[in-house]
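Single-structure report; data block below.
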């Protein structure tokens, strides 16, 4: 029975995150719109790396007391959201206090860098795989680098697609999704299959 409950919980969580990403939740739609502005790319990726590292740290610290509870498997999303919220609050407060001008000019990037699917995915993997703190931090750094590369590829692909003559039915999102699919297949082919 416990296996069926775990399977159901995993399916509901996957459906939730898939709908969030495809419905432009958790910052995915904003990232796709912001990649048109190339000057925001490095700063957005730097914020993403910072929030990934801080959220991984806070979730690792928070997970160990929570994991002692008998129903801890159901608290993964809560741990992720609380950790991301603490990281967001801490970074926002420190930027506001230390560099108020910089904070005012870049505060629009903070929520989309702190609350996105890559940050939450990193937290869920770290909790599920019972990573050590060092492993969780390296995984967060890896997620941030992968996010930066994916954002760069999307920016470059969107720029190049805008210069091509594309049939009206494929203009905009359809051609971008085809491009993303081709990039995903290429990356999967380069990564290969991991031995079991």
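A short reminder: the numbers here are calculations on the coordinates, not readings from a lab. Note that the coordinates shown come from a computational prediction; the quantities given were computed from them, not determined experimentally. Ideal geometry is used to build each Cβ from the backbone, glycine not excepted, and the neighbour counts take in all protein chains shown.
In this calculation the C-beta distance from residue 128 to residue 165 is compared with R0 = 35 Å, giving a FRET efficiency of 0.15.
Give me the percent of Cα-Cα pairs in segment 70-124 that sit more than 15 Å apart, rounded to a whole number.
That fraction is 53 percent.
Could you run the Debye sum over the Cα atoms of segment 73-175, one equal point scatterer each and no solvent, and tell me log10 of I(q)/I(0) at q = 0.18, 0.19, 0.21, 0.24 Å⁻¹, two decimals? Reported log10 I(q)/I(0), two decimals: -0.97, -1.01, -1.09, -1.22.
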